[in-house]
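The values are calculated or read from the model by the stated rules, or taken from the named source; none is laboratory data. Bear in mind that the values here come from a model prediction, so they are computed numbers and not experimental data. Neighbour counts run over all protein chains shown; Cβ positions are idealised from the backbone, glycine included.
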There are 2 protein chains.
Amino acid sequence: MTPSPLIDGLQYANWSEKIFRQMRQGGVDAVHVTVTYHETFRETVLRIEEWNRRFEQFPDLIFQGRSASDIKVARDTGRTAIFFGSQNPSCMEDDIGLVEILHTLGLRFMQLTYNNQSLLASGCYEAEDTGLTRMGREVVAEMNRVGLVVDMSHSGERSTLDAIEHSSRPIAITHANPHNWHAALRNKSDRVLRALGESGGMLGFSLYPHHLKGGSACLLQDFCDMIARTAALMGPDRIGIGTDLCQDQPDSVVEWMRVGRWTKRIDYGEGSAANAGFPPMPDWFADNRHFAAIRTGLGQAGLSTAEVDGIMGGNWLRFFDQSFGPQSR
Amino acid sequence: MTPSPLIDGLQYANWSEKIFRQMRQGGVDAVHVTVTYHETFRETVLRIEEWNRRFEQFPDLIFQGRSASDIKVARDTGRTAIFFGSQNPSCMEDDIGLVEILHTLGLRFMQLTYNNQSLLASGCYEAEDTGLTRMGREVVAEMNRVGLVVDMSHSGERSTLDAIEHSSRPIAITHANPHNWHAALRNKSDRVLRALGESGGMLGFSLYPHHLKGGSACLLQDFCDMIARTAALMGPDRIGIGTDLCQDQPDSVVEWMRVGRWTKRIDYGEGSAANAGFPPMPDWFADNRHFAAIRTGLGQAGLSTAEVDGIMGGNWLRFFDQSFGPQSR
C-alpha cells in the first residue's frame, strides 16, 4: 500500500472481475465510474441495479463509495471504492427533484452537458455556447445543496466559466487536458484552467488518446511534463488523474456515447469515419495495473513526492471530502 | 418527553405543517408513513421528491428516518423521524433490482399486496389465495437481504402464513386488528396472529374505523381491552400501534387507494356506496395529539407500565433495530 491514496477521477470500462482484480493489483483505492450517459432516470436506475449486482457478486474486491471516509475503508479492507457519476444530465430528465434522488442513490458527479446543448448548458461541440440556462442555474444550486459535483468535462468554454462562477462550491473537470498542449475541442483553455484552480476546483488528466498530444503514440514523459506545467498554472493541489479508461468496451458503446438517441445519423465525435471506434491506449497505460508508471514519470518531471502524492489521489481525497456532503448553511 | 419512545406503525395523511406540529405536540418520535400505493417506480420517486421538499421546508419538525438509531436522534432533537413504506409492490414493478434501489431511497416496509392479487401474493379481497408466487418467494428473500420489511396488512390468510414461514426475518402487519374482535376482511385470524408472534413479527393495532368494533363509535376502553387480550395471545412484545390515520385526506384519495388503475368501475373496498368516503375517526383519536389517551386506556386494561411502554413504541423500536439493516450472513 502506497503512503497516499490512489484515486482515478474517471473510468467507463466494460466491468468484469478481471478489471476489478486489476484495480486491486494496481492498488487503486477509489474510482469515479460513469454509470450513465443518455439514459433516462429509469434507465439510469437499471445501470445502478447492475452495479448493485456487482457489489453483491464481488464484495471482496469492490464496494459503493458514498463519502471520502470510504477511501479509508477501501484502504483498510483492501478493496476499491466505486463512486458513481453521470456524463450528461439525461438522468435527471426535466425534474430538479431528481438531483437529490440521484445523490441518495450515490451519484457524486454529474456533467451538465455531453458535447451537445442540454437543458442546463452548452456542450463543447455546439457552435453557440449559451452559458448556463435558466434551469442550469437552478440545478447547479440544487447540486451544491445536496453535494453532487458539477463536472464540465464535455462543456463549452462559456458554460464552463459560468459554472465555475455560479457554483457556490468548487466544480470539477474530471477528464480533460490543457488545450495548449493538445488542441482538441474537449481540452481546456488556460483561462478555464486558471479559473478552475483559483475557485478550488479540480482537473483530472485524461489518458483517452484523442485528448493526448500524439494520440495513442503519446509518450509517458511528455504527458507527465504537461502535468508539471499545469501544476504551475493551476496549483499542484488542484490536479489529479481522470484516465477516461474505457477498457474492453466494444465500439458499439462509443457510438452510444456519441450519438445516444439525439440523431439517426452517425456522429464521430472526436473520432472520424476512418477512425470510428475506441482508439488504442498508450502502451504505458493499458489498464489499472499501470498507475505506478505515471507516479514515476511525475517524479522525473520534477514534482516533489508530496506533489506527486497529491496528484495520484490526495487531491481527489480532499476534494471528495469537501464536496459529497450536504452544504453547510 | 416520555421515558419510552412513541412510534406509530402507519399513517397516510394529507401532510402539512399543521400535522407535523401536532406530531410534536403529541410527542410522536417516529411514524411509518405510506408514500405509495399503485404508483409505478417513477411515480413513487415523485412522491419521495415531495417528502424531500417537506424535509427541506420543515427541518425543525421532521427528518427522514433510515435506521432505528434515528429514533434517538428524533428524541434528542425534538423532531419526528419519518420512515417510508409502500402499501403495494407496484413501486417495484416487475424488477427485483428495484427492491434494493427502493431501500436505498429509504423504503423500510413494503406490502406484498393491496387487497388484490399482485405479482407476489394474494390480497385479502381475492376469492382465491395463491400464497406466495414464484416471484413473491424471490422478492421476500431479496427484501430479507437488504432490510425491507414484508408487510402483510392487506394480504390474504394463506399468503400471510406463507410470508411468515418463507421470510427468514420477522415480518409485520403494520395496521390491522384481530378478526375475533371485529370480523372485517382486513382483520387477522388468531392463527395468523399466533404465527406472527411466534416468528418474532409485529402487529400494529389500527384505528381506521372499518377495522374497529362499532366503527367510528368504538369505545377507547373496548379497543384497549382488545389489545390486552391480543397481548396474551401474541406476547406483549409483539404488538404496537399502527393508527392508519388518514388525516385531512379528500375522498378522492380513498378512491385512489381502492381503485388505482385496476378497474374503470368504483370499488368501495371496506366502505359501501352509501358510505364511500373516509369514515370519521373515533372521537378519542382524531390526530397525533391523542396518543396519551391510548396509553392511559392500556393501563386501565391491566397492562403493566413496561408492557404499555413497549406497545406505545418500545416494541417497534426493537423491531426497527432488527429489521432495517442488511441481513447478517
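A quick yes/no check of all residues on (1) out of contact with any helix residue (DSSP H, G or I) (no Cβ under 7 Å at 6 or more places or on another chain); (2) under 18 Å from A:Met202 (Cβ atoms); (3) in a strand (DSSP E or B); (4) in contact (Cβ under 8 Å) with a residue 60 or more places away in the chain:
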| position | (1), (2), (3), (4) |
| --- | --- |
| A:Asp8 | yes, yes, yes, yes |
| A:Ala13 | no, no, no, yes |
| A:Phe20 | yes, no, no, yes |
| A:Met23 | no, no, no, yes |
| A:Gly27 | yes, no, no, yes |
| A:Val33 | yes, yes, yes, no |
| A:His38 | no, no, no, yes |
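The test for being within 30 Å of B:Asn52 (Cα to Cα) and touching a Leu at 6+ places or on another chain (Cβ under 9 Å) does not hold for B:Thr133. Checked against (1) surrounded by fewer than 24 Cβ atoms within 10 Å (Cβ to Cβ); (2) within 20 Å of the chain's Cα centre (by Cα); (3) of a type in the set (Asp, Glu), B:Glu126 passes all but a single condition, namely (2). For segment B:197-235, filtering for residues that are within 23 Å of B:Asp287 (Cβ to Cβ), outside any helix (DSSP H, G or I) and of a type in the set (S, T, N, Q) leaves 1.
Within segment B:49-68, being touching a helix residue (DSSP H, G or I) at 6+ places or on another chain (Cβ under 8 Å) and either in contact (Cβ under 8 Å) with a residue 60 or more places away in the chain or surrounded by 22 or more Cβ atoms within 10 Å (Cβ to Cβ) (or both) holds for B:Ile62, B:Gly65, B:Ser67, B:Ala68. Between B:Phe319, B:Phe324, the distinction of being modelled with pLDDT of 95 or more, buried (at least 20 other Cβ atoms within 10 Å of the Cβ) and out of contact with any Ser or Thr (no Cβ under 6 Å at 6 or more places or on another chain) belongs to B:Phe319 only.
Annotation note: Cβ proximity below 9 Å between a residue of segment A:166-186 that is in contact (Cβ under 8 Å) with a residue 40 or more places away in the chain and farther than 22 Å from A:Thr133 by Cβ and a residue that is among the acidic types (Asp, Glu) and surrounded by fewer than 20 Cβ atoms within 10 Å (Cβ to Cβ) (sequence gap 6+ or interchain) occurs for A:Pro178/A:Asp190; A:Trp181/A:Asp222; A:Ala184/A:Glu270. Specify the residue that is nearest to the other protein chains (Cβ to nearest Cβ); the eligible residues are those in segment A:79-101 that are crowded, with 24+ Cβ neighbours inside 10 Å and of a type in the set (S, T, N, Q). Per the criteria, the residue is A:Ser86.
Consider segment B:102-156 and keep the residues that are closer than 25 Å to B:Ile82 by Cβ and charged (D, E, K, R). The one that is nearest to the other protein chains (Cβ to nearest Cβ) is B:Arg145. For A:Asp76, the conditions (1) within 14 Å of chain B (Cβ to nearest Cβ); (2) closer than 30 Å to A:Pro3 by Cα are fulfilled apart from (1).
Would you mind finding the one in A:Ser199, A:Ser189, A:Ser159, A:Ser206 that is without any contact (Cβ under 8 Å) to a residue 60 or more places away in the chain, small (Gly, Ala, Ser) and crowded, with 20+ Cβ neighbours inside 10 Å? Steps first, answer last, please.
Numbers: A:Ser199 fails: crowded, with 20+ Cβ neighbours inside 10 Å; A:Ser189 fails: crowded, with 20+ Cβ neighbours inside 10 Å; A:Ser206 fails: without any contact (Cβ under 8 Å) to a residue 60 or more places away in the chain.
That would be A:Ser159, the only listed residue that is without any contact (Cβ under 8 Å) to a residue 60 or more places away in the chain, small (Gly, Ala, Ser) and crowded, with 20+ Cβ neighbours inside 10 Å.
Quick check on segment B:16-25. Is at least one of its residues within 17 Å of B:Gln111 (Cα to Cα) and either acidic (Asp, Glu) or touching an Asp or Glu at 6+ places or on another chain (Cβ under 9 Å) (or both)? Among the residues of segment B:16-25, not one is within 17 Å of B:Gln111 (Cα to Cα) and either acidic (Asp, Glu) or touching an Asp or Glu at 6+ places or on another chain (Cβ under 9 Å) (or both), which makes the answer no. Checking A:Gly325, A:Gly310 one by one, the residue that is farther than 20 Å from A:Ala231 by Cβ, of a type outside the set (S, T, N, Q) and out of contact with any Cys (no Cβ under 9 Å at 6 or more places or on another chain) is A:Gly325 and no other.
The selection criterion, being within 29 Å of B:Gly147 (Cα to Cα) and in contact with a strand residue (DSSP E or B) (Cβ under 9 Å, 6 or more places away or on another chain), holds for B:Gly240.
On inspection, A:Gly299 qualifies as outside any loop (DSSP other than H, G, I, E, B) and free of Cβ contacts under 8 Å to residues at least 12 places away in the same chain.
Quickly run through segment A:242-266 and pick out the residues that are assigned to a loop (DSSP other than H, G, I, E, B) and either surrounded by fewer than 19 Cβ atoms within 10 Å (Cβ to Cβ) or on the phi > 0 side of the Ramachandran plot (or both). If you could, list the steps in order and put the result at the bottom.
Residues of segment A:242-266 that are assigned to a loop (DSSP other than H, G, I, E, B), as a first pass: A:242-244, A:246-250, A:260-266.
Across segment A:242-266, the qualifying residues are A:Asp244, A:Asp248, A:Gln249, A:Pro250, A:Gly260, A:Arg261, A:Trp262, A:Thr263, A:Lys264, A:Arg265, A:Ile266.
Would you list the helices (runs of 4 or more DSSP H) that sit entirely within segment B:79-196 and hold 1 or more residues that are in contact with a strand residue (DSSP E or B) (Cβ under 7 Å, 6 or more places away or on another chain) and at negative phi?
Numbers: elements: B:97-104, B:134-146, B:157-166.
Passing ranges, in order: B:134-146, B:157-166.
Do we have A:Val259 as in contact with an Asp or Glu (Cβ under 8 Å, 6 or more places away or on another chain), without any contact (Cβ under 8 Å) to a residue 24 or more places away in the chain and not small (Gly, Ala, Ser) here? Break it down into steps so the answer makes sense when it comes.
Details: in contact with an Asp or Glu (Cβ under 8 Å, 6 or more places away or on another chain): yes; without any contact (Cβ under 8 Å) to a residue 24 or more places away in the chain: yes; not small (Gly, Ala, Ser): yes.
Against the criterion (in contact with an Asp or Glu (Cβ under 8 Å, 6 or more places away or on another chain), without any contact (Cβ under 8 Å) to a residue 24 or more places away in the chain and not small (Gly, Ala, Ser)), A:Val259 qualifies.
Looking across segment B:28-46, just one residue is more than 10 Å from every other protein chain (Cβ to nearest Cβ) and surrounded by fewer than 17 Cβ atoms within 10 Å (Cβ to Cβ), and that is B:Glu43. Among the residues of segment B:49-97, those that are of a type in the set (A, V, I, L, M, F, W, C) and touching a Pro at 6+ places or on another chain (Cβ under 9 Å) comprise B:Ile71, B:Ala74.
Would you call B:Gly269 surrounded by 15 or more Cβ atoms within 10 Å (Cβ to Cβ), small (Gly, Ala, Ser) and at pLDDT 95 or above? I'd like the intermediate steps shown before the answer.
Values: surrounded by 15 or more Cβ atoms within 10 Å (Cβ to Cβ): yes; small (Gly, Ala, Ser): yes; at pLDDT 95 or above: no.
When the stated conditions are applied, B:Gly269 does not pass them.
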